[in-house]
Every structure is written in C-alpha cells, then in structure tokens.
Protein chains: 2
Amino acid sequence: MSDKKTFNPALYLVTDRDLSLGRSLDWVVEKAVKGGTTVVQLREKKLDTKAFIEEASHIKKILKSYDVPLLINDRVDVALAVGADGVHLGQKDMPYEMARRIMGKETIIGLSVESYEQAKEAGKLDLDYIAISPVYTTPTKEELTEELGLEGVRRITEICRHPSVGIGSIKAHNAGEVIQAGADGVAVVSGICSADDPEHAAKELRQAVDKARMHNA
Amino acid sequence: MSDKKTFNPALYLVTDRDLSLGRSLDWVVEKAVKGGTTVVQLREKKLDTKAFIEEASHIKKILKSYDVPLLINDRVDVALAVGADGVHLGQKDMPYEMARRIMGKETIIGLSVESYEQAKEAGKLDLDYIAISPVYTTPTKEELTEELGLEGVRRITEICRHPSVGIGSIKAHNAGEVIQAGADGVAVVSGICSADDPEHAAKELRQAVDKARMHNA
C-alpha cells in the first residue's frame with residue numbers, strides 16, 4: 001500500500017469559501033492544518049474549471065509542506081490536473097468504478113453515504129473511506145436529508161467496514177460521541193471554516209477525536 | 001493519424017437543452033445528424049456529474065451509429081468516463097496542455113478563440129481545431145464579447161492555421177460567407193436546437209457550407 005492510501009481520517013476539513021467569513025481559503029486551510037487537520041477536501045461548486053485548478057494547485061502546495069493529503073470534491077478532472085491525492089464523490093457525482101478506472105489504484109476515493117441502503121452498496125466497493133452524512137443536520141447542504149444521528153453512525157459502520165468519517169454539525173463538544181459510535185474521524189465544514197480561530201477550533205476537534213479513539217482502542 | 005483526429009468540422013452542433021424548445025436532446029441530436037451534422041459538442045453547465053455522464057453515454061451511442069464524433073464541453077472527467085472523442089475547452093476551462101496530457105494524443109481537443117491575442121496563443125498549441133467566437137453576437141452566451149465579424153474570421157484564420165469553425169448567430173443564409181472568410185465549418189447552437197425542424201435546418205446549413213467550401217477549393 002502506498003502512503004497515500006494510509007491517510008489518517010481523524011480530522012477531515014471540507015472547504016467552503018462562502019462560510020469562511022471573507023478570509024482566504026489559503027489562510028483557513030493553513031490554520032486548520034496547523035491545528036491538527038489530517039486531510040483536506042477542496043469543494044468548489046461555482047468556480048470555472050481553470051480557476052478551480054489554480055486554487056487546487058495552490059492549496060496542494062500548502063498541504064504538501066505539512067504532508068497532509070488533498071482530496072477534490074466531485075471533479076476527477078481537477079484532481080488529475082493537479083495530481084491531487086484523491087477525490088470525494090457524492091451520490092450524484094461520477095460512479096465509483098469509473099472514477100477508480102480513471103484515477104488509478106493508488107489514489108484515495110471516498111463516497112458520501114446518506115442511508116443504510118447506500119451504506120450496503122458502498123460496502124461492496126473498494127472505497128478508501130466513506131463519509132456518513134449527515135450525522136446531525138447542517139446548514140451547509142442545500143438538499144437536507146434526515147439526520148442519521150449516533151444510531152445511524154453505529155448501524156452504518158456495522159454494515160460497511162470501510163474507514164469512515166462522520167459529517168454534519170460536528171464540533172469539539174460532540175466529536176467524541178461520533179467516534180465512540182464507530183466513526184474513525186470527523187469531517188468538518190463550518191466548525192473550522194467559520195471559526196473565529198480555525199487553528200484553535202481544529203486543535204480542540206483533534207483532541208476530542210484522539211481522546212475518543214484512545215478510549216475505543 | 002487516427003480517424004478521430006481527421007473529423008470533418010463542416011457542421012458542428014453545440015447542444016443547449018434550454019434552447020431545445022422542450023424537446024429531448026436525443027431527438028434534437030439525432031435529427032441534426034440526419035440532416036448532415038458532422039460533429040456534436042455536448043454542453044451542460046447545470047447537470048450533476050452523474051447525470052451528465054449518463055446523458056453523454058446515451059448521446060455517444062446515438063452518434064456512434066452515425067459515425068459522428070462526440071466532444072464534451074469543458075469536462076475532461078466526463079469525456080474520460082464515457083470515452084468521448086474529445087473535449088472543447090473555453091478560455092476559462094482546463095488549460096490545453098493539462099487536458100492533452102490527461103486525454104492523450106488521439107483525442108480531439110478544440111479551443112474557443114475570442115480575440116486576435118487568443119488566436120496567436122492558440123496558434124502555438126497542438127490543437128485539433130479552434131472555434132472563432134462570436135462571429136456574430138448571440139443570445140446563447142451569458143458573457144457577451146464583441147462580435148468578430150467576417151473580418152475577424154479572416155484575420156484569425158490567417159494568424160492561427162488550425163482547422164476552425166465560426167460560431168455565433170450563424171444560419172443557412174450567412175454560413176457561406178463565414179466559410180468564404182476562412183473558416184472550415186460553422187458551429188451552431190440555436191440555429192439547430194431551436195429550429196422547428198432541426199433536420200431541415202441542419203440540411204440547409206450543411207448545403208450552404210459545402211457550397212462555400214467548393215467555391216473556396
């Protein structure tokens with residue numbers, strides 16, 4: 001297995017420029033990484049492809065210096081263009097098998113799982129991780145699905161044995177219970193992007209995750 | 001050279017579902033091809049990736065039976081997923097060199113050229129064709145740039161020796177003059193997608209192009 005595939009899912013940042021309080025993504029990402037973020041997913045739904053590639057290329061340089069992997073949301077083309085470590089696929093994105101064929105074996109490919117049915121299907125795929133979404137309801141997704149809660153995390157991590165991160169309104173105070181319910185890490189959008197101090201927010205989240213993982217072990 | 005690279009740019013359809021008067025893209029595309037369309041560019045700016053791939057895969061099957069190449073607008077990932085014949089890049093899309101590296105030598109890659117400066121730059125690249133845009137102003141582009149006119153087509157085809165299609169408000173009555181000004185073909189959106197009878201519209205356009213090409217030869 002390559003280093004890429006053995007990434008640590010403990011604290012997974014999903015970027016959102018609209019939730020970053022006018023601060024640059026560079027700044028937010030670097031602060032988040034300094035605070036202990038272990039993997040970054042760049043998510044851009046409005047940028048032109050060229051601008052997305054330029055941004056991804058820039059963020060990749062920052063992350064490389066911290067040895068933190070970069071995943072691209074949805075866009076396999078952008079991931080290939082900048083040599084990202086992988087992609088994160090939603091249920092409306094490219095089907096997994098196509099993405100794997102195009103990206104190759106050595107890249108990280110993750111999938112959002114929003115129901116038990118989807119968890120069952122995801123279990124059949126050679127995914128590197130799943131994102132259990134949403135653990136709690138969140139204002140960052142346009143199409144709200146019902147929250148899965150801790151019971152959902154428990155059931156999904158039983159159905160589907162891939163490494164997993166929970167996502168959806170997770171902050172330091174509730175990160176630990178998500179890990180105790182079975183997730184290997186937490187994915188955070190506004191909890192870091194909208195924090196007054198993203199580095200401090202990341203540090204608190206990471207501590208909560210690490211503490212709960214120790215407790216699980 | 002492969003067959004893919006020797007495509008005929010005479011009549012180039014760019015799809016637009018919003019301009020197709022509620023008729024399915026399948027229907028419009030098949031009619032257009034029956035009327036003499038020689039290449040089809042699938043352009044989707046709003047679809048989710050999965051839906052775009054499903055549509056592209058379906059349109060590819062139709063085109064294959066007529067031996068007409070399929071190009072994908074902007075999205076190298078969609079083109080790779082369905083094995084399209086190539087991509088069409090705008091100035092805000094993936095830079096040409098990256099797209100070529102990812103897509104390989106055998107695929108068709110075209111670029112929109114909207115100024116003399118861009119034509120000069122395009123001339124340095126190993127493109128398969130350029131789209132000179134807009135020859136006349138058109139209601140299908142959100143960001144209108146100044147129309148290049150026939151003098152623009154003349155100058156651009158002198159600056160940049162790649163095969164070229166003119167695009168922008170071209171119909172049967174003015175297609176011939178665009179070819180006489182130096183273009184190898186015409187690209188059409190509403191002239192086919194919004195025609196009462198797309199097959200008839202394509203037939204008239206193709207005749208006008210072929211007549212003018214004979215005149216040039």
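So what is the 222 nm mean residue ellipticity for chain A from helices alone, if each DSSP H run of at least 4 adds -39500 (n - 2.57) and you divide by all residues, rounding to the nearest 500 deg cm²/dmol?
Here the helix-only value at 222 nm equals -13000 deg cm²/dmol.
What average number of partner chain Cβ atoms lie no more than 10 Å from the Cβ of the residues making up A:78-86?
What the average comes to for A:78-86 is 3.
Loop-only check: which GluC sites (Glu not before Pro) in region A:157-217 are DSSP coil with at most 12 other Cβ within 10 angstrom?
Sites meeting the loop and neighbour criteria: none at all.
Mind checking which aspartates and glutamates have their Cα closer than 19 Å to the Cα of residue A:120? Skip sequence neighbours fewer than 8 apart in that chain.
In chain and number order, the partners are A:93, A:97, A:128, A:146, A:147, A:151, A:158, A:184.
Using DSSP to define loop residues, name the trypsin sites (Lys or Arg not before Pro) in region B:50-110 whose beta-carbon has at most 15 other beta-carbon atoms within 10 Å.
Here the trypsin sites (Lys or Arg not before Pro) that fit, given the DSSP loop and packing criteria, are B:92, B:105.
List the accessible area buried at the contact between B and A, summed over both sides and calculated with a 1.4 Å probe, in Å² to the nearest 100.
In total, this chain pair buries about 1600 Å².
Using a 10 Å cut-off on Cβ to Cβ distances, tally the other chain neighbours for every residue of B:97-103 and report the average as a whole number.
3
Please give every one of the lysines within straight-line cross-link reach of residue B:34, meaning a C-alpha to C-alpha distance under 27 Å, and leave out same-chain neighbours fewer than 8 residues apart.
Output for residue B:34: B:4, B:5, B:45, B:60, B:61, B:64, B:141, B:171, B:203, B:211.
At a 1.4 Å probe radius, which order do B:77, B:196, A:184 fall into by accessible area, largest first?
B:196, A:184, B:77
Hey, what's chain B come to in accessible area per residue, 1.4 Å probe, Å²?
45 Å²
How large is the dipole of chain B about the Cα centre if only Lys and Arg carry +1 and Asp and Glu carry -1, each at its Cβ, rounded to the nearest 20 debye?
440 debye
May I ask which residue of A:195, B:70, A:112 lies farthest towards the positive end of the charge dipole of the protein assembly as shown, with charges of +1 (Lys, Arg) and -1 (Asp, Glu) on Cβ and the Cα centre as origin?
B:70
For region A:110-217, which whole-number percentage of the solvent-accessible area (1.4 Å probe, protein heavy atoms only) is attributable to carbon and sulfur atoms?
Taking all protein chains in place, region A:110-217 shows 46 percent carbon and sulfur surface.
Given the C-alpha centroids of region B:14-32 and region B:39-90, what is the distance between them in whole angstrom?
When both Cα centres are located, 14 Å separates them.
Could you sort the residues of region A:39-73 by number and keep only those whose accessible area is reduced by 20 Å² or more in the all-protein-chain setting relative to the chain alone, 1.4 Å probe?
Flagged in region A:39-73: A:48, A:49, A:50, A:53.
How much of the DSSP bridge set in the protein assembly as shown is antiparallel, in percent, rounded to the nearest 5?
0 percent
The values are calculated or read from the model by the stated rules, or taken from the named source; none is laboratory data. Worth saying up front: this structure is predicted, and the values here are computed from it rather than measured. So basically every Cβ, Gly included, is an ideal-geometry build from the backbone, and we count neighbours across all protein chains shown. Heavy atoms of the whole protein, side chains included, go into the accessibility calculation; ligands, DNA and RNA do not. Shrake-Rupley method; radii C 1.70, N 1.55, O 1.52, S 1.80 Å.
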